[in-house]
């Protein structure tokens, strides 16, 4: 009788060890995939058909041309707004969405490739950044990956300090080489009395 109990106990222990070993292996196998997704999110990758992100200088793009390894590569957007690719040479990228750049590249490549299938991915979104200063809890530089309003940037900067004047926010923007100042009353915007100002790359938001 005792031998039977010992045998059953040993069987249960072995079964439990096998179960936990299998579970651990499954978790290890799952780990790299999860890490890959996290890295992808941190790098700010965006699909080629997005219509919200506008490419700018200092962004890093991954250009993939199906079945054309020599044309598939990671490229930086230069300060003049252009990228360089074999065959087509310099192509204007800044000011376009990934989808628009995809279409531009496909047209340029038709001279050299039959029915080119192109995809464009933003690997690093470095150009769309704004600066938040003054009476916010975490002032500094904020890199954005989509259209953002004044209402959205304040929480990103940690919210207002207790001394902030919410009614007299200034947005300093450069347009055509000239400095433009835009006033924003946060209280009125929250109440729906004023429209929320949409931020542009390079905007400086000052909260007095």
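The values are calculated or read from the model by the stated rules, or taken from the named source; none is laboratory data. The shown structure was predicted, so the numbers you read here are calculated from the model rather than taken from an experiment. Because the Cβ atoms are built from the backbone with ideal geometry, glycine has one as well, and the counts that use them run over all protein chains shown.
Considering the conditions (1) under 19 Å from the mean Cα position of the chain (by Cα); (2) crowded, with 17+ Cβ neighbours inside 10 Å; (3) not assigned by TED's automatic domain parsing to the domain that holds residue 200, residue 150 is excluded by exactly one of them, (3).
Filtering the stretch 97-128 to residues that are crowded, with 19+ Cβ neighbours inside 10 Å and closer than 18 Å to residue 143 by Cα leaves 97, 98, 121, 122, 125, 127, 128.
At least 3 residues being farther than 30 Å from residue 185 by Cα is the threshold, and among the strands (runs of 3 or more DSSP E) wholly inside the stretch 56-150 those reaching it are 60-65, 73-76, 82-85, 89-92, 118-124.
Scanning the stretch 155-192 for residues that are surrounded by fewer than 13 Cβ atoms within 10 Å (Cβ to Cβ), touching a strand residue (DSSP E or B) at 6+ places or on another chain (Cβ under 8 Å) and under 20 Å from residue 137 (Cα atoms) returns 159, 161. The residues of the stretch 62-84 that are at pLDDT 95 or above, crowded, with 20+ Cβ neighbours inside 10 Å and farther than 16 Å from residue 201 by Cβ, listed by number, are 63, 65, 83.
Would a scan of the stretch 123-134 turn up a residue that is free of Cβ contacts under 8 Å to residues at least 12 places away in the same chain and farther than 30 Å from residue 75 by Cβ? Looking for residues that are free of Cβ contacts under 8 Å to residues at least 12 places away in the same chain and farther than 30 Å from residue 75 by Cβ, one finds none in the stretch 123-134, hence no.
Checked against the criterion of being in the same structural domain as residue 199 (by TED's automatic domain parsing) and touching a strand residue (DSSP E or B) at 6+ places or on another chain (Cβ under 8 Å), the candidates 134, 81 yield just one match: 134.
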